[in-house]
Amino acid sequence: MRLAAAGALLALAAIACDGGLKPEPSTSYCGTGLCGTVHFVGAVPDSTDWVRVVVYAAVPESVSQLTRFAGFSDALPPAADTAPYACCITPLAPGAYGWVLVVWKKLGVLTTATAPSLLREIGAYLDPNDTTRFGAVVVPPGSGASGIDMVADYGHMRSISDFFPAAPDRGRPGSAADSAPPAGSRRGPSTTAR
């Protein structure tokens with residue numbers, strides 16, 4: 001009897017020590033902003049400086065407008081399989097946000113002039129009803145929007161300058177002069193055309 005009880009205690013201790021009883025991180029409460037999980041795919045480039053979720057009211061019309069973001073997250077762990085995030089460092093105002101993306105930054109000094117060579121879109125929130133279009137996220141007054149999950153694919157990076165100048169059909173990821181996506185590109189619920 002003592003041996004069975006001791007065995008049960010040892011098994012419980014082993015489970016507890018390996019994180020088996022540790023609760024999963026929760027992203028159900030967002031405060032005033034948005035939150036979710038970024039799922040990473042592919043090999044992290046050696047030149048990685050940081051990865052963040054960046055939020056805009058709409059897709060900027062020029063590279064000079066990149067600094068007009070509504071907010072951004074803390075840096076995410078780029079080598080993780082998944083990373084919960086809460087955005088933003090400062091609270092987002094209530095309203096609709098039409099471009100929520102995962103941005104990868106290459107090592108180097110970031111300026112408006114260097115942004116096209118240093119910043120890559122590696123994932124974006126897509127419309128759940130039409131995954132060929134960016135999804136809008138509405139942040140209600142006094143609370144946040146949860147479940148804004150995205151896939152960040154290091155194998156399908158897209159230069160931030162690909163979004164400029166403004167294209168006739170800017171609501172679709174990859175639609176600017178992208179009538180035939182390049183070989184190996186993908187469209188789907190978790191990635192934009194590259």
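Is segment 43-107 rounded, prolate or oblate when judged by the Cα gyration tensor, a ≥ b ≥ c being the square roots of its eigenvalues, rounded requiring a/c under 1.5 and prolate requiring a/b larger than b/c?
Oblate.
Here's how it looks for GLY95: its modeled amide H is under 5 Å from those of VAL139, which are all 5 or more places away or on a different chain.
Across all Cα atoms of segment 24-168, the radius of gyration (one decimal) and Dmax (whole number) stand at 14.4, 43 Å. Would segment 83-131 count as rounded, prolate or oblate if I go by the C-alpha gyration tensor, calling it rounded below 1.5 in a/c and otherwise prolate when a/b exceeds b/c, oblate otherwise? Since a/c reaches 1.5 and a/b is larger than b/c, the shape of segment 83-131 is classed as prolate. Taking amide hydrogens as placed 1.01 Å from N in the peptide plane, the amide H of ALA145 sits under 5 Å from those of GLY33, LEU34, CYS35, each at least 5 positions away in sequence or on another chain.
Since every read-out is calculated from the coordinates, none of them should be taken as a lab result. All values derive from a computational prediction rather than experimental measurement.
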